[in-house]
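Take a look at the structure below.
No lab work stands behind these numbers, since they all come straight from the coordinates. Treat the numbers as computed from the prediction; the structure is a model and nothing was measured. Heads up, the Cβs are rebuilt from the backbone with ideal geometry, glycines too, and the neighbour counts pull from every protein chain shown.
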Amino acid sequence: MTEISQRGGFGSRNTQVVFNDAVVDIVRSPSIFMELVSILATQPSQSDLSDDFVEYNIESKIEHNFVIKHREKIESYYAYVSMIDNAYQTLCEMSPSARETALYNINSCYKNCVGDLLLENKISLTNKNREERERFRLELIQQYADSIIDCVINHVQSTCSKSLTATQCSIEEIQNHSELIVFHAFVECKVLEKP
């Protein structure tokens, strides 16, 4: 596998392309990405995305969050970055906040997944001060990083599958492309924590 050295963060334009054995139909991908991000961008949101604009190394983020299952997929998703960015860019021509809305919706789902984990571990949070709760939250995210990514992927797949506008995409195409959209959100720091 080719070594990847990328930077990510809000508004990043990653351009490195790494081709591996692709499961995704690269010919139809631009239109599928357009359709799926369009669905995500039309979901209701409060669209208050704050970002500290600090760059970070993607490898550091993977290490910081202890991503294991999805590590290689995240490292090799770059073949699709420009297609996803182009889909967002085209949507922004029609609706200026489309990209932010879609990423907000993905981030909101991420927060819900983390909230569910915290709720399941509620007993561990009792009698802890704010700093201890934050440390526990991070440890929980690190322990369940791959499950959290799966949770977000499942949400994106479900949202897109239920949409009437996704009728031109097969279930397999929605599943594969949803995964790549979530990896893009990971790089944009809307899924899991910055190092």
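Listing for the model above:
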{"quantity": "Cα gyration tensor shape for the stretch 73-195, rounded if a/c is under 1.5, else prolate or oblate", "calculated": "prolate"}
{"quantity": "GluC sites (Glu not before Pro) lying in DSSP loop within the stretch 153-191, provided at most 13 other Cβ fall within 10 Å", "calculated": "none"}
{"quantity": "In nm, spacing of pseudo-spin labels at Thr42 and Ile123 (7 Å Cα→C-beta vector)", "calculated": "4.6"}
{"quantity": "Over the stretch 125-195, equivalent-ellipsoid semi-axes from the Cα gyration tensor in Å", "calculated": "32, 12, 9"}
{"quantity": "In nm, spacing of pseudo-spin labels at Gln89 and Ser60 (7 Å Cα→C-beta vector)", "calculated": "2.7"}
